[in-house]
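We did not get these values from a lab; they are worked out from the coordinates using the rules stated. The shown structure was predicted, so the numbers you read here are calculated from the model rather than taken from an experiment. Cβ placement follows ideal geometry from the backbone for every residue including glycine, while neighbour counts extend to all protein chains displayed.
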Amino acid sequence: MIRKILVANRGEIAVRIIRSCRESGIRSVAIYSEPDRTSMHVRYADEAWLVGPGPSGQSYLNIPKILEIAKKSEVDAIHPGYGFLSENAEFAEKVRQAGLIFIGPEAEAIRTMGDKMKARELMIKAGVPVVPGSDKLSDDDEENQKIAEKTGYPIMIKASAGGGGKGMRFVESKEELNDAIKRAKSEALNAFGDDAVYIEKYLKSPHHIEVQILGDEHGNVVHLFERECSVQRRHQKVVEETPSPFITEEVRKAMTDRAVAAAASVKYAGAGTVEFLVDADMNFYFLEMNTRLQVEHPITERTTGVDLVKAQIRIANGEPLAFKQQDIRKLGHAIECRIYAEDPDNNFMPGAGRVLHITEPLGLGVRTDGYIYEGYDITVFYDPMISKLIIWAQNREEAVERMKRALYEYKITGVKTNIQFLERIMNTPEFREGKYDTHFIANNEDYLL
Ligand code: ADP
């Protein structure tokens, strides 16, 4: 049984995990880098240990040091959060080799799903539709031309090891192809240490819709419905909502069914997310599977009432899921806005500095997952996301109005934020009507910026 957890992360997600630990009577251990000394996760945890200097490589990615702290603080388990080491199969292995519980799936599942080409192969076997495309590309220009021709332009070249919106290239015509492949390969090698790239058909007006999955060690897999994540800037999510305003009940049924099949095919134990692209005709295609908690998990928690961190801990304990598929209900509508310390008027430049004042919104249906406070110094070392504003209401229309009200109440001074940008998103006709795809922000830049 897990009695004490080391949270190998920082910021809002560390705070989020520590909250569920406290509610479960589990002691929590925070790790922190030097600039994070005064961070909220340090205050909320039962213990806090210095892990190293600011740069992630020397702190939140420092595996030997984290394992050393785990040993000294006598924890039973490590929760990786998202980002940092959460999808590092080697870390999961080392945690288990040290006799500790890794709160996440088997290293093998992390490894397979982290390799986009391998994951595609697996999905095809499991009967899950994938975006039409190729296997690993060779250096044979002519051969590659043929493959691209067969897929049909425009196409995307993707790094198999890619993630976080990196390692993707859009190719419109055959003249650009060979050069683009060469660049993509060298980029991929630089960023991920692996130059494997493949071709995917470029879907024209796609939606990004993902399904939340929970699987246990006893072979049970359930879904907790979908999240619509099509409000994106440079392939990065900005606003998410559930249910999706786009898909029909029939498509929802088919997608969640395939997502469960996908997870079951790898005997998935843990929380995971199966991401799909959905085209204008509502055909859906597997994009990738994330083997960790997602940033946007709270909207699912809000509509289903399930605490996903507690579910993860329960699974890691080897217990069966606390519910069956038919017990999982969704109620109302939830929207999340990601609050970033960045300046939309200056090309979204990440900002750092002291928070002079902060008033977070409250009231019916409002949740904020954050970690900053008055006097806090935001550093440049980490992701500029400072908080997530999560709204619940009985229906979508009310949820949008409530989000606008909450954004209006949200006041942060001292650092630039994207709050007004988010307010404008809420006021854009396409968003209000729930008629938008992944090009929404790019198409509305005149109004939004
Ligand atoms: P990453 O793992 O880097 O986040 P994904 O493969 O999940 O990359 O894709 C991120 C986003 O890029 C998607 O949500 C979508 O907006 C866009 N995208 C990816 N593949 C395609 C494609 N084949 N056609 C159109 N858009 C795509």
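Measuring nothing but how far apart in sequence close Cα pairs (under 8 Å, 6+ apart) lie, relative to its length, the chain scores a relative contact order of 14 percent.
Net length available on complete extension from ASN347 to GLN326 is 2.9 nm, with 0.36 nm assigned per residue and the Cα-Cα distance removed. With 18 Å as the limit, write out which pairs from LYS125/LYS237; LYS65/LYS310; LYS324/LYS388; LYS253/LYS330; LYS201/LYS267; LYS118/LYS253 have Cα-Cα distances beyond it, or answer none. Correct reply: LYS125/LYS237; LYS65/LYS310; LYS324/LYS388; LYS201/LYS267; LYS118/LYS253. If R0 is 25 Å, the Cβ-Cβ spacing of ASP257 and GLU108 corresponds to a FRET efficiency of close to 0.55.
Across the options TYR153, SER138, VAL128, the greatest Cα extent toward the positive end of the charge dipole of segment 108-188 (unit charges at beta carbon of Lys, Arg, Asp, Glu) belongs to VAL128.
Calculated on the alpha-carbon coordinates, the convex hull of the chain measures out at 139 cubic angstrom per residue. With a Förster radius of 41 Å applied to the beta-carbon distance between GLU74 and ILE124, the computed FRET efficiency rounds to 0.35.
Length gained on full extension, VAL380 to ASN317, computed as 0.36 nm times the residue gap minus the Cα-Cα distance: 19.0 nm.
Based on Cβ point charges of +1 for Lys and Arg and -1 for Asp and Glu, what charge dipole magnitude is obtained for segment 134-212 about its Cα centre, in debye rounded to the nearest 20? Dipole magnitude for segment 134-212 comes out near 320 debye. If R0 is taken as 41 Å, the Cβ-Cβ distance between GLU409 and MET282 corresponds to a FRET efficiency of 0.65. Other residues lying with their Cβ under 13 Å from the Cβ of THR379 contribute a combined charge of -1, Lys and Arg counting +1, Asp and Glu -1. Given their separation in residues at 0.36 nm each and the Cα-Cα distance between them, GLU149 and ALA442 gain 102.7 nm when the chain is fully extended. Among the GluC sites (Glu not before Pro) in segment 103-175, those placed in a DSSP loop whose Cβ has at most 16 other Cβ atoms within 10 Å are GLU172.
Other residues lying with their Cβ under 12 Å from the Cβ of MET349 contribute a combined charge of -2, Lys and Arg counting +1, Asp and Glu -1.
Of the chymotrypsin sites (Phe, Trp or Tyr not before Pro) in segment 356-449, the ones in a loop by DSSP (not H, G, I, E or B) with at most 13 other beta carbons within 10 Å are TYR373. Qualifying trypsin sites (Lys or Arg not before Pro) in segment 246-326, where qualification requires a DSSP coil assignment and no more than 13 other C-beta atoms within 10 Å, comprise LYS324. Going 7 Å from the Cα of MET1 along its beta-carbon direction, which residues of segment 304-328 have the amide nitrogen within less than 20 Å of the resulting point? Counting backbone N atoms under 20 Å from the label point, the list is 309-323. Would you mind counting up the charge near PRO35? Only other residues with Cβ under 11 Å from its Cβ, with Lys and Arg at +1 and Asp and Glu at -1. Here the charged neighbours net out to -1. Figure legend: label point modelled 7 angstrom from the Cα of ASP141 along Cα→Cβ; residues of segment 178-218 with amide N under 20 Å from it are 178-187, 197-199. Rounded to the nearest 20, the size of the Cβ-charge dipole of the chain about its Cα centre is 1120 debye, with Lys and Arg at +1 and Asp and Glu at -1.
Each stretch of four or more DSSP H residues adds -39500 (n - 2.57); spread over every residue of the chain, this sum gives -10000 deg cm²/dmol at 222 nm. DSSP finds beta bridges in the chain, and of those with both partners inside it, around 80 percent are antiparallel.
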